[in-house]
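Structure record follows, encoded as structure tokens.
The values are calculated or read from the model by the stated rules, or taken from the named source; none is laboratory data. All figures in this text were calculated on a predicted structure; none of them were measured in a lab. Neighbour counts are summed over all protein chains in view; Cβ atoms, including those assigned to glycine, are modelled from backbone coordinates with ideal geometry. Note: accessible area is taken over every heavy atom of the protein model, side chains too, but ligands, DNA and RNA are not part of it. Shrake-Rupley method; radii C 1.70, N 1.55, O 1.52, S 1.80 Å.
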2 protein chains.
Amino acid sequence: MENGSELTTQIIDGPTNPMVTPLLNDLYQFTMAYAYWKAGKHNERSVFDLYFRKNPFGGEYTVFAGLDECIKFLANFKLSDEEIDYVRESLPGSEEAFCDYLRGLDCSDVEVYAIPEGSVVFPKVPLMRVEGPVGVVQLLETPFLNLVNFASLVATNAARHRFVAGKSKNLLEFGARRAQGPDGAISASKYCYLGGFDATSNVAAGKLFGIPLRGTHSHAFVSSFMSTDEIVDKVLHSADGKTTCEDFVSHVQTWLKKIQYSPSLSGIFSETNQSELVAFISYALAFPKTFLALVDTYDVMKSGIPNFCAVALALNDFGYKALGIRLDSGDLAYLSTEARKFFCTVERELKVPDFGKMVVTASNDLNEETIDALNKQGHEVDAFGIGTYLVTCYSQAALGCVFKLVEINNQPRIKLSEDVTKVSIPCKKRSYRLYGKEGYPLVDIMTGENEPPPKVGERLLCRHPFNESKRAYVVPQRVEELLKCYWRGSADGAREELPSLEEIRDRCIKQLANMRPDHMRRLNPTPYKVSVSAKLYDFIHFLWLNEAPVGELQ
Amino acid sequence: MENGSELTTQIIDGPTNPMVTPLLNDLYQFTMAYAYWKAGKHNERSVFDLYFRKNPFGGEYTVFAGLDECIKFLANFKLSDEEIDYVRESLPGSEEAFCDYLRGLDCSDVEVYAIPEGSVVFPKVPLMRVEGPVGVVQLLETPFLNLVNFASLVATNAARHRFVAGKSKNLLEFGARRAQGPDGAISASKYCYLGGFDATSNVAAGKLFGIPLRGTHSHAFVSSFMSTDEIVDKVLHSADGKTTCEDFVSHVQTWLKKIQYSPSLSGIFSETNQSELVAFISYALAFPKTFLALVDTYDVMKSGIPNFCAVALALNDFGYKALGIRLDSGDLAYLSTEARKFFCTVERELKVPDFGKMVVTASNDLNEETIDALNKQGHEVDAFGIGTYLVTCYSQAALGCVFKLVEINNQPRIKLSEDVTKVSIPCKKRSYRLYGKEGYPLVDIMTGENEPPPKVGERLLCRHPFNESKRAYVVPQRVEELLKCYWRGSADGAREELPSLEEIRDRCIKQLANMRPDHMRRLNPTPYKVSVSAKLYDFIHFLWLNEAPVGELQ
């Protein structure tokens, strides 16, 4: 705490959401802080691991996200007088002097080691190791879990959607309206982009994080128009500014007739919906350079597509290339294929180069399963707009990261449980990722803090932390230490700079691409191995036996 | 807009989360605003309905929540210059004059009618009717949906948990760490309280909304202690301040022996875990008036309960009543029952009045199903701490509220769909809840804006909006108009005051209690009827036929 002044030289912005304050906390963190303080234990040096126990969505990998927000929180950790008063009120019988303790509290004595954000991570391996006085580190538990759990969950969900959609598709996050509250929306936009999405519809997220924005118009826009009389200004200047179309509405109508009577297209439709046509014309006059129309308000093939083509062809005459269409209902495999055929016929019959390459965007309650089904049926969708299922992580709405004490006062601590998956791995640890000959990661291994690190080319025994019979020798071709220092408080030594969102996204995409494919597949993926060193294994089991009560069968 | 100055006389706080700004929006709302503006349509008077199509969680009711935040958003709706610049950048080719339009934009021409927050609501009936210039009302769609969808979903989830737990139990929301981001946590705390919970662990939510707080300590607190030497100050002053216990540790140890050798309890346990005992003593010294211990770090019956009782009995000697225990793992039915027996035995054998009434709190991944199962098995739990499943709405992570144009320029609009459940109900409407003889609500009915309201004692035909054969006569004993004015912009007339969270919560609890029980049960609940007047029915079907294209079988 005495070094608080040095701390101020490290200027790090606060968390994105100003509601992330030390009070975004479970009350019991404050009751414990008080009890530690009363017992004079609050400055005991503790080590906590933040990790999860099971990969989400039935998969075998997770993308770690949220670290940047944790560090920003930590760097600005300070209780205001008003907050301190509220805490004191909430702890009946607490002493006034506790307020002085809270007033002096910051993270200058805390150190945080973490796997870089955007990494592919696995169960049991600490994503973060947080060290410092137990009184303050406990106060980081709830906010850190809150900031990491959803971030990692939704980034993983995005990565899974990318995996099933394939690299060539455009993935657009459209979830703002169905997200779990305002920053459920904003953080979903951020972490979906991190997990490999290309753009979002969320303007606030675009502004905050520099994520590319996408958006067209809604059904309401289409139904708000009734007749061509509503278009007052029918003038369109050509893209090069050299010519002017005085009556763009008539020009479009001429094209609509040409399409209707073109030999290969006649019979597909007769009369299109006029209010839809007017809406498209209005939209095109507003955005001639980026015309993209929602074509399913009335009937995709009988109205939306012909209306769109008429407008697109009219724009084309004045040097503008329409972008494409969006489908938001119906059989997306069938409709996208039919739309593509229509565009290709227009290209061929009406001699408009590249018209067949019109972008087809699909939305409407898409998720991993529906995209997979579309792939199996065959489709002509170029871009997927994904909302509800993506941003709320509908198929599994929570990740279960936990924050467990592994050492206090240099004494290792273990949390036992009748459920072996819930036993914690004690000790301040190091973790390494070992790579094989083909460049894929083979196994993650945790060791005690002071064990020598695994060496390239040297055979090493990797043991399952709890299952005696599961072990394997590995000769790593490359060894990567996983935990890097992101926060040192006022301690000496270098720490990692916080990378930009683009850098984190790049890391994520590269790491996902570098995983052995059988870990990544949707059905029956192979679990990635997570292990401990022989020495740590022995120590875990020594502690376990020591702590567990011997039962008595009666 | 000219009346903007009058607007400022209505001072309403902004939304709880400062991230709720006009940019919390889908880009397409701005592209549409631009296209409307370009077409000179932006000031056309429009009416939008906000409603959902299906009750969540397989139930037949929903609690409406989020209105207060919507009105706070609306009342402070204003784009900053920086936001306007960003919007303009995001709309390639847009004209500078559009910025002037955005700069002048506020909600002084908007009117909002809504069902009071905390009401029990049903599919298809508008929760909100928003009227105003189409350019600005479109910009309210995404934020309103975002603010209502999760709020209503999680309030409904809370109400369902209350229903299964019963009125007598204490329900505590413990979800901060697993929620979908920071305000996923804070708003879940708010809306769970609204839906009938008693308290939260979330300190920020407690401070923001005045929700009662609850919290004890964690397993880490227990494992952070090792021996009684760690307790430096062993002194406890009695509750009345008249006596002092110089060595509370020894006093507790004496009690532990007494319990151990009491005839009815001997044999249940031999040696308890000492670090747990020390942790409990420390905690009791910090909070003698509100001692509540987490008893499952080592072994509930062999260590946690005896340790707790020893401390509680020692406190009792000095005039303090311990509150109880928390169980966070294992078979909660069995353990709560065994714990209760133990407490009752202590009361009887050691003559400590009321010791058997110790509060048993249970946590650990609880949800509707597990509480239902506990009820069936029989248990002795007094309070449930519920986290993940409650706040993330795990069993259904999103509610699908939509915002549909129903009228523009006094022209009714209908949105068709091949899926009949997605067809919108056109027209600016009124809605009424009709009550029967027994005081229960019987049916909600929507009518055209200018139809005479249903009258008490007068027979009325209620029709299913889309199913010709479903209709019923009703003679209402009470008629309640559902939509009330919550925002008038600068128009004349009274509007409802925004009630406090407590008032909203009271409404919710009363409305839930007043529903006919068969609508509320978990298994196969009876759907509540939602209808339209005969006149509106005819009009819907006239419009529908008018708009729908006639197919051709080929």
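What about B:LYS289, is it more than 35 Å from the chain's Cα centre (by Cα), within 13 Å of chain A (Cβ to nearest Cβ) and either in contact (Cβ under 8 Å) with a residue 40 or more places away in the chain or not in a helix (DSSP H, G or I) (or both)? Explain how you work it out, then say what you get.
Numbers: more than 35 Å from the chain's Cα centre (by Cα): no; within 13 Å of chain A (Cβ to nearest Cβ): yes; either in contact (Cβ under 8 Å) with a residue 40 or more places away in the chain or not in a helix (DSSP H, G or I) (or both): yes.
In short, no.
Take B:LYS167 and decide whether it is open to solvent by 10 Å² or more (accessible area, probe 1.4 Å), closer than 30 Å to A:GLU44 by Cβ and free of Cβ contacts under 8 Å to residues at least 12 places away in the same chain. Give the steps one after another, and end with the answer.
Details: open to solvent by 10 Å² or more (accessible area, probe 1.4 Å): yes; closer than 30 Å to A:GLU44 by Cβ: no; free of Cβ contacts under 8 Å to residues at least 12 places away in the same chain: yes.
No, not satisfied.
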Scan the stretch A:420-455 for residues that are open to solvent by 20 Å² or more (accessible area, probe 1.4 Å), part of a strand (DSSP E or B) and over 18 Å from A:TYR528 (Cα atoms) and jot them down.
A:ARG430
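What are the residues in the stretch B:96-106 that are free of Cβ contacts under 8 Å to residues at least 12 places away in the same chain and open to solvent by 60 Å² or more (accessible area, probe 1.4 Å), if any? Let's see the steps before the verdict.
Filtering the stretch B:96-106 for residues free of Cβ contacts under 8 Å to residues at least 12 places away in the same chain gives B:96-97, B:100.
The answer is B:GLU96, B:ASP100.
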Restrict the check to the stretch A:247-269 and report whether at least one residue is outside any loop (DSSP other than H, G, I, E, B), over 28 Å from B:GLU407 (Cα atoms) and modelled with pLDDT under 90.
yes
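What do you reckon, is A:ILE414 at pLDDT 95 or above, touching a helix residue (DSSP H, G or I) at 6+ places or on another chain (Cβ under 8 Å), among the β-branched types (Val, Ile, Thr) and at negative phi?
Numbers: at pLDDT 95 or above: no; touching a helix residue (DSSP H, G or I) at 6+ places or on another chain (Cβ under 8 Å): yes; among the β-branched types (Val, Ile, Thr): yes; at negative phi: yes.
So A:ILE414 fails the test.
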Residues of the stretch B:38-58 that turn out to be open to solvent by 30 Å² or more (accessible area, probe 1.4 Å) and either within 8 Å of chain A (Cβ to nearest Cβ) or of a type in the set (D, E, K, R) (or both), as a count:
6
Which of (1) surrounded by fewer than 24 Cβ atoms within 10 Å (Cβ to Cβ); (2) within 11 Å of chain B (Cβ to nearest Cβ); (3) within 16 Å of A:CYS393 (Cβ to Cβ) does A:LYS190 not meet, given it meets every other one?
(1)
In the stretch B:116-141, which residues are of a type in the set (A, V, I, L, M) and either more than 13 Å from chain A (Cβ to nearest Cβ) or closer than 17 Å to B:GLU496 by Cα (or both)?
B:VAL120, B:VAL121, B:VAL125, B:LEU127, B:MET128, B:VAL130, B:VAL136
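I'd like the full set of residues that are assigned to a loop (DSSP other than H, G, I, E, B), more than 27 Å from B:ILE12 (Cβ to Cβ) and in contact (Cβ under 8 Å) with a residue 24 or more places away in the chain, limited to the stretch B:28-43.
Quick first cut of the stretch B:28-43, residues assigned to a loop (DSSP other than H, G, I, E, B) only: B:39-43.
Pick out the ones that are also more than 27 Å from B:ILE12 (Cβ to Cβ) and you get B:39-41.
Correct list: B:LYS41 only.
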In the stretch B:374-391, how many residues are out of contact with any helix residue (DSSP H, G or I) (no Cβ under 8 Å at 6 or more places or on another chain) and of a type in the set (A, V, I, L, M)?
1
Residue set B:LEU285, B:LEU277, B:LEU294; condition open to solvent by 10 Å² or more (accessible area, probe 1.4 Å) and at pLDDT 95 or above; output residue B:LEU285
For the stretch B:45-68, indicate whether the set of residues that are in a helix (DSSP H, G or I), at pLDDT 95 or above and not aromatic (Phe, Trp, Tyr) is non-empty.
yes
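Of all the residues that make up the stretch A:469-516, how many are acidic (Asp, Glu) and closer than 23 Å to A:PRO452 by Cα?
To start, the set of residues in the stretch A:469-516 that are acidic (Asp, Glu) comprises A:480-481, A:492, A:496-497, A:502-503, A:506.
Narrowing the set further to residues that are closer than 23 Å to A:PRO452 by Cα leaves A:480-481, A:492, A:496.
The number of residues fulfilling the criteria is 4.
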Name the pairs: first residue in the stretch B:509-532 and in contact (Cβ under 8 Å) with a residue 24 or more places away in the chain, second residue surrounded by 13 or more Cβ atoms within 10 Å (Cβ to Cβ) and polar (S, T, N, Q), Cβ to Cβ under 6 Å, at least 6 apart or on different chains?
B:GLN511/B:SER119
May I ask you to say which residue of A:PHE403, A:PHE384, A:PHE318 is away from chain B (no Cβ under 14 Å) and more than 20 Å from A:SER264 (Cβ to Cβ)?
A:PHE384
If you go through the stretch A:462-499 one residue at a time, how many are assigned to a loop (DSSP other than H, G, I, E, B) and closer than 30 Å to A:PRO133 by Cα?
16
Residue identified as at pLDDT 95 or above and either within 13 Å of another protein chain (Cβ to nearest Cβ) or surrounded by fewer than 18 Cβ atoms within 10 Å (Cβ to Cβ) (or both) among B:ARG340, B:ARG326
B:ARG326
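What do you reckon, is A:ASP317 among the acidic types (Asp, Glu), in contact with a strand residue (DSSP E or B) (Cβ under 8 Å, 6 or more places away or on another chain) and surrounded by 21 or more Cβ atoms within 10 Å (Cβ to Cβ)? So that I can check it myself, show each step before the final result.
Values: among the acidic types (Asp, Glu): yes; in contact with a strand residue (DSSP E or B) (Cβ under 8 Å, 6 or more places away or on another chain): yes; surrounded by 21 or more Cβ atoms within 10 Å (Cβ to Cβ): no.
The answer is no for A:ASP317.
Would you confirm whether or not the stretch A:1-13 contains a residue that is over 30 Å from A:SER500 (Cβ atoms), open to solvent by 10 Å² or more (accessible area, probe 1.4 Å), modelled with pLDDT of 95 or more and not in a helix (DSSP H, G or I)? Talk me through it step by step, then tell me what you get.
First, the residues of the stretch A:1-13 that are over 30 Å from A:SER500 (Cβ atoms): A:1-2.
When the remaining residues are screened for being open to solvent by 10 Å² or more (accessible area, probe 1.4 Å), the result is A:1-2.
Pick out the ones that are also modelled with pLDDT of 95 or more and you get none.
Within the stretch A:1-13, not a single residue is over 30 Å from A:SER500 (Cβ atoms), open to solvent by 10 Å² or more (accessible area, probe 1.4 Å), modelled with pLDDT of 95 or more and not in a helix (DSSP H, G or I).
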Test A:PHE174 against the stated conditions and say whether it is open to solvent by 10 Å² or more (accessible area, probe 1.4 Å), within 12 Å of chain B (Cβ to nearest Cβ) and hydrophobic (A, V, I, L, M, F, W, C).
yes
Expected output for the stretch A:464-492 (first residue within 20 Å of A:PHE64 (Cβ to Cβ) and open to solvent by 50 Å² or more (accessible area, probe 1.4 Å), partner assigned to a loop (DSSP other than H, G, I, E, B) and not aliphatic (A, V, I, L, M), Cβ below 6 Å, 6+ apart or cross-chain) is A:LYS484/A:GLU496
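Here's the yes/no breakdown for (1) within 42 Å of the chain's Cα centre (by Cα); (2) at the interface with chain B (Cβ under 9 Å from one of its Cβ atoms); (3) small (Gly, Ala, Ser):
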site: A:PRO212; (1), (2), (3): yes, no, no
site: A:GLY215; (1), (2), (3): yes, yes, yes
site: A:HIS219; (1), (2), (3): yes, yes, no
site: A:MET226; (1), (2), (3): yes, yes, no
site: A:ASP229; (1), (2), (3): no, no, no
site: A:ALA239; (1), (2), (3): yes, no, yes
site: A:VAL252; (1), (2), (3): no, no, no
site: A:LYS258; (1), (2), (3): no, no, no
site: A:SER266; (1), (2), (3): no, no, yes
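Anything in the stretch A:437-476 that is within 16 Å of A:MET515 (Cβ to Cβ) and in contact with a strand residue (DSSP E or B) (Cβ under 7 Å, 6 or more places away or on another chain)? List them, or say none.
A:PRO441, A:LEU442, A:VAL443, A:ASP444, listed by residue number.
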Subset of the stretch B:382-406 [in contact with a Pro (Cβ under 7 Å, 6 or more places away or on another chain) and buried (at least 21 other Cβ atoms within 10 Å of the Cβ)]
B:LEU399, B:VAL406
